[in-house]
Structure formats: C-alpha cells, structure tokens
Amino acid sequence: MLRYLAISAIIVVGATAIVAAYADRDFLRIKIASVYAKVSPKTARAEATVTPNAQALTITAPWALSALPACLTQMSDTTGPPAYVRAHLPTGSQPIVPPAVLRYGNCTILVRGDEAYVIRGDDRFTIPPPVQFFRTAEGIAVLRRDGAGMDLRVYQSAPGATNE
C-alpha cells in the first residue's frame, strides 16, 4: 500500500511541475537585451592586388580516379577474393605494361611499376601499390590488391575526355 502511495505522489508532483512549467513557459526562456556599443569609424583597408594561389591537392588513395569525373567515369566496382574479382574483368581486357602514360581529358596517369600517379593541373594523386591497369573496349580497368582480397574498378572515358 505504501508503494502505491509513493508512486501516486510522484505522478501528482510530476504532473504539477509539467503544468506549472507550461503555464509559465516565458519565464523559462533566456532573454537577451540589445546592447549598443559606440565604435569610431575606421579608414578603408587597401585591397590586395595579388590573390594567393590555391594550394594543390595531394592525395594517396586507391579511389583517386573515381574522384575525377571530368576525366573518367566509374562504371563498376567489384571487391572480394582474387578469383571472384578477376572473373569480373571486362572481356578482352589487355594489361598495360609499365611504364606507361595514359591521358584522359586534362588528366594524365603515369603507370610506374606496381603503382600509379594521376596528375590534373597542380593536383597530384597516388594510387598505392600493388595496382595493375588494363585497357578495355570503353576505357580502363584498375585492379588493386587490398589486404587478402582485390578491388576492381572499371572506368570509361568521360564525355568529351578522349584518350590521347
């Protein structure tokens, strides 16, 4: 019986507190008064005549080509055990033997050994080793070992970005 009385008292006190807070809700708001500070006028600053150059982007990432849609458009991404991933290489793919230079639009891909460098203007991207490139009917395929598995990304030339 005492337990029911305690629970009833908690419910009544809680409900009363909620009703009182709702009825006087303006009291709970924080009110900030406007403050005016007198400041003396300042002379105009001289504008810089030379704008600083934006810093070039330097990234090491296996997905570097996926970040350049003006050069190549990613068509598919397959990950998993080596046998499974190699089975998804486009039919007729031919390995690109390093050293090689590939150009798609304003992007240059330097295939060096088992890694690659992508250059676009001042930006530099590195595709970390081990990576292997393949020429496909529509563009290129990039096969990269990732831990115990592999990652295959298939790209086609972006509209207007022809391979030179």
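For the stretch 102-119, a residue qualifies if it is free of Cβ contacts under 8 Å to residues at least 40 places away in the same chain and in contact with a Leu (Cβ under 6 Å, 6 or more places away or on another chain), and exactly one does: TYR117.
Of the residues in the stretch 97-118, not one is hydroxyl-bearing (Ser, Thr, Tyr), surrounded by 15 or more Cβ atoms within 10 Å (Cβ to Cβ) and more than 26 Å from the chain's Cα centre (by Cα). Pairing each residue of the stretch 81-95 that is under 13 Å from GLY149 (Cβ atoms) and touching a residue at least 60 places away in the same chain (Cβ under 8 Å) with any residue that is β-branched (Val, Ile, Thr) and surrounded by 11 or more Cβ atoms within 10 Å (Cβ to Cβ), provided the two are 6+ apart or on different chains, yields C-beta distances under 6 Å for VAL85/THR78; HIS88/THR78. Confirm whether ASP123 is more than 16 Å from PRO69 (Cβ to Cβ), in contact (Cβ under 8 Å) with a residue 40 or more places away in the chain and within 22 Å of the chain's Cα centre (by Cα). The answer is no for ASP123.
Each value in this text was obtained by applying a stated rule to the coordinates, not by laboratory testing. Just so it is clear, the structure is predicted and the values come from calculations on it, not from any experiment. Here Cβ is always computed from backbone atoms with ideal geometry, including for glycine, and neighbour counts include all displayed protein chains.
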